[in-house]
Each structure stands twice: as structure tokens, then as C-alpha cells.
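Working notes, beginning with the structure itself.
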There are 4 protein chains.
Amino acid sequence: MSKFRLAVIVALCAAVVVPAFTRTPQAPASSPAASAPDPKLIEDLVYANRILSDQGVVDAFGHVSARDDKDPNRFLLARSVAPALVTKADILEFDRNGEPIDGRGRAVYLERFIHAAIYRARPDVKAIVHSHSPAVIPFGVTGTILRPIYHMSAFLGAGAPVFEIRNGAGMTNMMITDNKLGDALAKSLGDGTVVLMRGHGSVAVGDSILQVVHRAIYTEVNARLQAEAARLGPINFLTPEEAAKADAQTDSMASISRPWELWKSRIGKID
Amino acid sequence: MSKFRLAVIVALCAAVVVPAFTRTPQAPASSPAASAPDPKLIEDLVYANRILSDQGVVDAFGHVSARDDKDPNRFLLARSVAPALVTKADILEFDRNGEPIDGRGRAVYLERFIHAAIYRARPDVKAIVHSHSPAVIPFGVTGTILRPIYHMSAFLGAGAPVFEIRNGAGMTNMMITDNKLGDALAKSLGDGTVVLMRGHGSVAVGDSILQVVHRAIYTEVNARLQAEAARLGPINFLTPEEAAKADAQTDSMASISRPWELWKSRIGKID
Amino acid sequence: MSKFRLAVIVALCAAVVVPAFTRTPQAPASSPAASAPDPKLIEDLVYANRILSDQGVVDAFGHVSARDDKDPNRFLLARSVAPALVTKADILEFDRNGEPIDGRGRAVYLERFIHAAIYRARPDVKAIVHSHSPAVIPFGVTGTILRPIYHMSAFLGAGAPVFEIRNGAGMTNMMITDNKLGDALAKSLGDGTVVLMRGHGSVAVGDSILQVVHRAIYTEVNARLQAEAARLGPINFLTPEEAAKADAQTDSMASISRPWELWKSRIGKID
Amino acid sequence: MSKFRLAVIVALCAAVVVPAFTRTPQAPASSPAASAPDPKLIEDLVYANRILSDQGVVDAFGHVSARDDKDPNRFLLARSVAPALVTKADILEFDRNGEPIDGRGRAVYLERFIHAAIYRARPDVKAIVHSHSPAVIPFGVTGTILRPIYHMSAFLGAGAPVFEIRNGAGMTNMMITDNKLGDALAKSLGDGTVVLMRGHGSVAVGDSILQVVHRAIYTEVNARLQAEAARLGPINFLTPEEAAKADAQTDSMASISRPWELWKSRIGKID
């Protein structure tokens, strides 16, 4: 049945009509989903990949996922490929443990457990970005807290926590290669929006693909601005109250759809 | 009558014929203008939007307006859309209180009161840019005064003031969402050319679209250069007298039309 | 006769054959040149304008000139236009005092006296760039001396001098608007390759268009690298002896023609 | 015989037929190779040149070489030309002393001895990049050690050594213009992956073209991130153990082929 669902995804992506009689009732025990994810979700996920690359948040590494809108125990994520090159056909489905439902023999991201663990821990999260967003890296290794310097990054609230993989795991290759490490990372994130990873990168979460892309991009912008400001003198950050009020405005769908349309316009048509 | 004027704008912009019977006689008392704004003004305003985006002063947010050349109680500003995507058909007209004359059902910028308030307070101002110009943000949050480091930004004079929204308004969402906040901002601007907004962005004003675009761009350039210089040592700024003399040259129409032509050449044809 | 020479330039530029009989003997007293400048010189000067813009040394302002290869008392410089937009038809000829031989009614650069004064003072100089090259500005206003951080900028020798217009001229508009100010600037340059102008920009000179473009670009690169290095710790610069030895290699025609071909390849065909 | 091999390369690259009678039997004693290098190696080397330029590691200067897969005493390197312009026909073969087997009358890089010396000293090295990679320069002149700030640059291990040409050679033109200087540089590199050159640039080595390109690019990225972080506070670098573990993952063929495909996609077809 999981093969069936994937077939539906593929079919929808390729705009091929799948005859109704192929929708057989052999549902898998784990995930008795009635239908494939919304094709719009897959399209947005492809745009998210391209936009994050175009905006300099990801290079050849980093990935963005979305929770399946039909089955909350699953999420969508590209096969192992640079985000700038992702097409609809590259989107695979993963179960709650981070394993591909049907990998179709394609290599998958080593760090897919980042996504799996956070979707398990945070039912409110619908989309996740992991990146090595360059301006953010220095904040993960110096103890300087990333805080909202202006209203556009008010979602940073009282500041982003830093995940130290050495605590608990000791000397590692720095990567989130299993669910145990994923759980530890999710714990550092807590109920926040962004968590930095010392010597590695960061993770942003959101209640939609649009929101998480917005947050990932403005996290990078905030890091750039904060680093510049720190050299001029002590920074007058948004207070937590100002951040909460600004966030209600700047992080809303009304606000984030404007840049989304701009970013999309730079990408053009996708496959 | 105002509806009639808007209809003319729409007709000119979109080359759509508006049937004569829509030209009803219900003119508002406030603004009995006889004719529509100069089409050249609207064209320049569209170029201003695109140029400010191309030059990195605005991203998906920020806006530029122009006072109506036929009715000084009105100003032109795009509907709520990223500046890079603005076309002639997106330009709406607003009254002196920042309300659209005829919104045509389209969303408008939340912070249009920045423009309304300054046009009310400063009859000499014909065009306004509000942006989150990145290099300028750090100066708004650190107390370091933005001052003219070279002749090209001599319009900064003795330095740009900073608007602190907390004074008077306390904890807010940081945005200028009504006329009262707009008036407070206009008061901070005083008779200057640029005012920074703590934790938010900045505003530049000018006596023409060309001049305000020039000022917004060179405010950003000055911020970048000043931040760099501050790391090398104490800066020998233009004295107020040098700034006044340089400004008479570099901020003149003869001088600012040269970059305008270059910036326009990068945009190409507009709709 | 000056009109005749310009006509020849125009004719050569446009690849129009000028009949021999138009070469009449009415030579002007001041400059009895027998023939027009080499068309290759004009072509290279147009490329120099475009390259300096493409490489970020000039924006809408700044200019590059070349001494006339046929008449050392004259130099070639564009009319007042952004360097990125210069075509062969924009190149005018100027006399040793910085006045256009035949302006053809076109606006000329206010600061052409920079070129005139240096050509008068330095017979070895064949080409000059004046720019507001951004990374260089901070060195002109902080007292930090611009020195060669690596072999590519060895032409900076023991460091670039800074021209302080206040010395001698007091409070000005910062610009070199006459020959007296030009002479003062030339005196600051001395027998060097680059001089910075406090609160304004810089000037590079060379024995060919290729060399001066090379020097202007690597002056900007050196400034960027030196500012970065200064933040990491005290800099181990090239010694004057190392600089002299490296300069003999990196500033030679064999070395500078390689980047010139690359930079030209980015510009494509010119008019 | 070596002439024959070169003729084959030329024929393969330029698809030009070389008449059989030019295949004379005067083979040098040193290198009786039976066949030409793999055409894929030459294609990858051309891509490496273009990628390093596109990614900002090299400008008009800098070069990348590969050890001949058929004859380990030889290496492939372009004639003297900007890397962005290299085509297959520009690739020449050099002997173990850095001399062209058959220069075909074309100018060669002055610093080809960097490559020759390292190939002699390090049998494990199959590809070498020399560049003036901008963010790396400051680390070569300030004593600040370039160390791995995140997993992607774990190949930097305990930090990159710096080659000081003054030690042993005194005052020079800073360049590696003979084998003696090349040997000294190779000695500074030791068994490492990257060596900086004071006042000049850096060298990266790898066991394949893909790996050395990956290392050269992430050396530049690490330098940028480390310089930024240094301004925020003391940096918590990867420990040598973390670096070793991360390197085993991020520097593997599985990992480096992902960015290679992305970087290639930006170049398009090559000649």
C-alpha cells in the first residue's frame, strides 16, 4: 500500500491519470492513509528547496521537509541531492522513524532523523529546514546568542538555543545520524522556532512551508545584521514583549506570502 | 470626482477603456483635483520600486511613494506587493490620512501612515522611501550615529536622527500602523533627509523620486562604508560645512540623473 | 583643426572611411598633431570603463582616461555618463588644462582636472582611474595606511599617501573642480601609483590602460583583504623589498594581460 | 613517444587529426607511458577550473592540476590563462620537474613548480589547487590559525600550516618560481591537506579532482566563517577527534559528489 501511495504521488507529480481501480484497499498497518499528499504541498516543497538555495540559506547541503497533510505520521523530503536541483520526482515519503516508505533505490539524506525526531516531538510543526546557513554558524560556536534585532526576525523571541552534541554523545562526526541524536536535538529546540547546532548549522520549524522558509531566511538575515551591529556597540534588541507583538504581525500568513511570491518569481517554472 | 481621477489613472496605466457612465459626479469635498497625476510620475515610481530592489535597499518589504503632482493632499503608492514586482497597474492613490481613494479591493501596505504623516508635516517633500535597508539597521540599534563619510552621502549632514518608538508608545509591534505613530516618526525626522527607526528600518525623503531614490541608496552605501571604517579607527567625517557644500553638488538634479539612468538601464522596460 | 581631429576619431570609431583630402593643413597652434589617436586606444578605454564597473571599482561615478598616443598634451575621457554605459562615441578629447577640444555640446565630468593635472605632472603616466572604490574609502578617513598584503598589490609599495583637501583649500565641496586643486592632488600622488582622497575616493595611475585598470582593481581587492586581516591581528605586510620584487612580476604586461582578457570576456562586444 | 601521447591528447581534445609521421620514436627515458590520460580526467579538470572561478576561489590567477592517471610522473595543467576561460585544448602535460612535455609554444604558469614539487613529495596526492582565495589571505599574514569551525571543513584537522618564504629564501618576489622553492612549500604542507602561503595565497591537495575542488572551496568558506566568528568571541572549534570523525563523512566521495553536481550544473557544457 505504501507503494501504492508513492505511485499516486508520482502520478500526481507527473500529471498522469491513475485509474480509480488501482486504489486497492491493502492499507499498511502503520499508516492507513486514504490518499496521497496534496500536490500543492509537493510543489511548494520543491519551490522551498529552490528558494532556500537562491537566497543563500543552503548550498549543496541542507534540506527542507513538510509533514504529510493526509498522514501526520509521515513527512516529505527530497532524495539525497542539492536543494537547487530538486524536482517533484525527487520528493520521497518517510515514516515517523525517518525511514523511506519506498526509497525507489535512491540515496537518502543521512540526517533525515532531524526531521523525524522533530515531527515526533512537535505535533504543531508542519515543516522543517536544516541548513548550514553561513551567518548563523558563528553564533553556534561563540556563545553569542542570536536574538531579534528587528521586527522581521521577531520569531527568535528571547533568543535561539544552541544544541551541543558533545553533551550526551561525546566526540561524534557532528551529524544527526540516528533517532537518538535527533531526539536530543528536538529537546534542545523545545517549543522554539529555531535551534542552532554547534559546529554544524541550524534548524528552523514552522506551521507551514511558507512560514519555515520565511523563518530560515530571516534567521540568516538577522545573524548577518546582528554580527554587524555587535561591532558598532551594545545592541538594543527587541524586548520579549516587542518580539511577541511584532511576531504576531510579521510571521503571519498575510505577511509571509508577500516575500514568498517574490522568491518564487525568481525561480520560475519547476518540474 | 476622485473616482473619476482614479479611473483615469487606471485607464492610462492599463490602457483599459472606462465607460463614461462610471464617471459619476460624487466628488469628495477634500480634494477637487481637475486631472490625474502625470503618467511620467507613475512610470518613475515603478522604476523607483524596481531600482530600490535591484540595488538591495528593499527586499520583499519596504515601499516608495510620490506626492501627487496635481493634488498635494494626495500621494501615490503601490498596493501591498514586493517592490520588485510592482507594475503601473499596482499604483494606488491615497489621501492625506493614508487611506486609499479607491482601493479597488486590493490589500494596502500596513505602514502607509509613514508616508501620509510625512507628507502632512513636510510640504517640501515630494517623495518618500521606507526600507529595512540592511547596512542601516545596525546604526538604529547601537547608538552609533550615521554620518557622511564621503561627499556622495553629504545629505546626511550632521547625522541621521533615530526614532525610538518606545518613547511615547511603549511596547509595540514596532510598526507605524496609524497616524499618531506616523506623526511621532515625522517629528523625529524633523527637517532632515533621513531618519532611522530603532529595530525596524529607516525613511528617506526628497524633493523628487530621483532624489529620494538616490538618498536611499547612498544612505545604505554610507552605512556599509562607515561600519567598515569604524573597525579601522576613528573616522574623519565631512564637517557640517563640507557636507553642506558637497550636498549642493552631489544631491543636485545634474548629479543624480547620472546614476538614475544607469539604474534604469539595469531594469529594462516596465509594464 | 581640433574639429578635424575629433572628426577623425569619430570616423575611426564608426569605421567610416575619411577621405585623405579632408586632412587639411590647418593645425592649431597648441597641438599640431598629425593624426588621430589609435582606434585601439579608444576601444581599450571603452572596455576599461565597462570593466571597472563590472568589477565594482566604479558605480555611476568615477572615470578613466588615457593620454593621447599621438599628442602627449591631450587625453581621452568620456563625456559625463556612468562608466557602464560608455560607448566609443562618448569618448571626447581634452587639452592639457582639462578643457574639451570639442565638447560637441555634451556635458563633461566636473572633475576632469584630476586627469589634466596628473598628465601635466607625470609624463610617465599614460592612463588614470578616479573612483569611489568602496573598500578604499575607509582607509582615506581613518589614518590606516593602505599597504600591500600580497604580491598582487605589490604596486602599493610602502603604502598609498592620502590627499587632504582641507590642507590648502579649507572647507570645500570635496571635489577637484579646478586645476589648482588638481595640482595639489598630483603633488600628493608624487611619483606613486595610487593616492587616496579623504572623504571622497582615490586615483590610480599607470603606464597603460591595462596597467591602470589592473591597479585600480587590485587596490580595491587589497583594501578588502587588509580590512579583514586587521581584525584578526597585526599584519605581516610585504616588505618594501618584497614589494619591489613582486611588483616587477605581477605588474608587468605579461601578468596583467591575463586578467584583462578575463575581464573583457565578461563584457562582450562594445559599440 | 611522449610527443605521441601529447598528440593523442591534442587529437582527443581538439578532434584534430595529427598525421602519423609526426609520431616519431624519440621517447624520453623518464616516462615511457603507453597511453594518454583518461579523457574524463581532462574533462573534470576543465570543470574544476571553471567551478573554482565560479565559486570565487580563483580570479584570473590560480590553477588546478591533476596527476596523470596513466603515468604518475606526469601531471596535467592548463597553459597560462584565466581558469574561467580554460578549455580542453588548453590542458598541457608536465613532467615531474614541472616542465611541459610539449608546450606547443604556449605560455605556461610561472608557478607550475608548486604542483611538480607536491606530486614528487606526496604520492597520495592526485590533484592540487593553488589560489589567492580571498578569505584565506588574512590568515596567512596574521598568525591566526585556520581551523575547522564546522564539519564541512573537518579536513583542516588541527589547523593549516603557513609557509613563510622568507625562511630560507629571504626577500623574494613571493612566488614559487623554481623547484627549490616548490620543495620548501611541499615541506610546509607535510602530510596535510591545505597550506597557506604568507602574502600570497594557499594550496589544497586531494586524492581526486573532486576532493581537491571540494577542499579548496570549503577552505574559503571556513575562512569566511572563522573570521566572522572571531569577532563575536572565542571560538569552540571541532576537536581533532571530532574533525577526524567528521572528515571521514564529509570528505568522502559520497558526500563530495553532491556539491560537484551542483557546481557543474552552474557551468553548463564545456569545450
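Quick grid of which residues meet (1) part of a helix (DSSP H, G or I); (2) among the hydroxyl-bearing types (Ser, Thr, Tyr); (3) in contact with a Phe, Trp or Tyr (Cβ under 8 Å, 6 or more places away or on another chain):
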{"site": "C:Arg215", "(1), (2), (3)": "yes, no, yes"}
{"site": "C:Tyr218", "(1), (2), (3)": "yes, yes, yes"}
{"site": "C:Arg224", "(1), (2), (3)": "yes, no, no"}
{"site": "C:Asn236", "(1), (2), (3)": "no, no, no"}
{"site": "C:Ala246", "(1), (2), (3)": "yes, no, no"}
{"site": "C:Gln249", "(1), (2), (3)": "yes, no, no"}
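Residues in the range A:212-232 that are more than 10 Å from A:Met152 (Cβ to Cβ), at the interface with chain B (Cβ under 7 Å from one of its Cβ atoms) and open to solvent by less than 20 Å² (accessible area, probe 1.4 Å): A:Ala229 only. Give the range D:140-181 a look and list any residue that's at positive phi and open to solvent by less than 20 Å² (accessible area, probe 1.4 Å), or say none. D:Met174, the sole residue that qualifies. Among the residues making up the range D:242-261, those that are facing chain A (nearest Cβ under 7 Å) and open to solvent by 20 Å² or more (accessible area, probe 1.4 Å) are D:Lys245, D:Ala248, D:Gln249, D:Arg258, D:Glu261. For the range A:189-202, a tally of residues being more than 14 Å from every other protein chain (Cβ to nearest Cβ) and open to solvent by less than 40 Å² (accessible area, probe 1.4 Å) returns 6. Looking across the range D:55-75, just one residue is without any contact (Cβ under 8 Å) to a residue 60 or more places away in the chain and closer than 20 Å to D:Ile217 by Cβ, and that is D:Ala60.
Could you check the range A:87-108 and list, in sequence order, the residues that are out of contact with any His (no Cβ under 9 Å at 6 or more places or on another chain) and of a type in the set (A, V, I, L, M, F, W, C)?
If the condition is that a residue be out of contact with any His (no Cβ under 9 Å at 6 or more places or on another chain) and of a type in the set (A, V, I, L, M, F, W, C), then A:Ala89, A:Ile91, A:Leu92, A:Ile101, A:Ala107, A:Val108 are the ones that fit.
None of B:Phe75, B:Phe94 is closer than 21 Å to B:Arg122 by Cβ, in contact with a Pro (Cβ under 6 Å, 6 or more places away or on another chain) and surrounded by 19 or more Cβ atoms within 10 Å (Cβ to Cβ) except B:Phe94. For the criterion of being within 26 Å of B:Asp247 (Cα to Cα), in a loop (DSSP other than H, G, I, E, B) and touching a residue at least 24 places away in the same chain (Cβ under 8 Å), C:Thr177 passes.
Of all the residues in the range C:108-139, those that are facing another protein chain (nearest Cβ under 8 Å) and either free of Cβ contacts under 8 Å to residues at least 40 places away in the same chain or surrounded by 24 or more Cβ atoms within 10 Å (Cβ to Cβ) (or both) number 3.
When the range C:48-72 is filtered for residues that are open to solvent by 20 Å² or more (accessible area, probe 1.4 Å) and either within 14 Å of another protein chain (Cβ to nearest Cβ) or of a type in the set (Phe, Trp, Tyr) (or both), the ones remaining, listed by number, are C:Arg50, C:Ser53, C:Asp54, C:Gln55, C:Gly56, C:Asp59. Look at (1) at pLDDT 95 or above; (2) surrounded by fewer than 19 Cβ atoms within 10 Å (Cβ to Cβ); (3) touching a helix residue (DSSP H, G or I) at 6+ places or on another chain (Cβ under 6 Å) and you find that C:Glu43 fails only one, number (3).
Entry remark, the range D:19-35: residues being open to solvent by less than 50 Å² (accessible area, probe 1.4 Å) and either at pLDDT 95 or above or β-branched (Val, Ile, Thr) (or both) number 1 in total. When you look at C:Ala89, is it more than 14 Å from chain B (Cβ to nearest Cβ), under 11 Å from C:Val46 (Cβ atoms) and surrounded by fewer than 22 Cβ atoms within 10 Å (Cβ to Cβ), yes or no? The answer is yes for C:Ala89. Might you let me know whether the range A:196-206 holds any residue that is in a helix (DSSP H, G or I), of a type outside the set (Phe, Trp, Tyr) and either modelled with pLDDT of 95 or more or touching a His at 6+ places or on another chain (Cβ under 7 Å) (or both)? Looking for residues that are in a helix (DSSP H, G or I), of a type outside the set (Phe, Trp, Tyr) and either modelled with pLDDT of 95 or more or touching a His at 6+ places or on another chain (Cβ under 7 Å) (or both), one finds none in the range A:196-206, hence no.
For the range B:3-15, does any single residue satisfy the condition of being modelled with pLDDT of 95 or more, on the phi > 0 side of the Ramachandran plot and not in a helix (DSSP H, G or I)? No, the range B:3-15 contains no residue that is modelled with pLDDT of 95 or more, on the phi > 0 side of the Ramachandran plot and not in a helix (DSSP H, G or I). In the range A:262-271, the residue that is surrounded by the most Cβ atoms within 10 Å (Cβ to Cβ) out of those that are touching a residue at least 60 places away in the same chain (Cβ under 8 Å) and not in a helix (DSSP H, G or I) is A:Ile270.
Would you please name the residue that is modelled with the lowest pLDDT, looking only at residues in the range D:227-268 that are hydrophobic (A, V, I, L, M, F, W, C) and within 18 Å of D:Val213 (Cβ to Cβ)? By that ranking, first place goes to D:Ala254.
For the range B:38-67, the tally of residues that are among the basic types (Lys, Arg) and within 23 Å of A:His214 (Cα to Cα) stands at 1. On inspection, B:Thr172 fails the criterion of being within 14 Å of chain A (Cβ to nearest Cβ), in a loop (DSSP other than H, G, I, E, B) and touching a residue at least 60 places away in the same chain (Cβ under 8 Å). What do you reckon, is D:Ala84 open to solvent by 20 Å² or more (accessible area, probe 1.4 Å), closer than 30 Å to A:His132 by Cα and within 14 Å of chain C (Cβ to nearest Cβ)? When the stated conditions are applied, D:Ala84 passes them.
The values are calculated or read from the model by the stated rules, or taken from the named source; none is laboratory data. Quantities reported herein were computed from a predicted structural model and do not represent experimental measurements. In this analysis, Cβ positions are derived from the backbone assuming ideal geometry, glycine residues included, and neighbour counts consider all displayed protein chains. The protein model used for the area step is the full one, side chains on, heavy atoms only, and it has no ligands, DNA or RNA in it. Shrake-Rupley method; radii C 1.70, N 1.55, O 1.52, S 1.80 Å.
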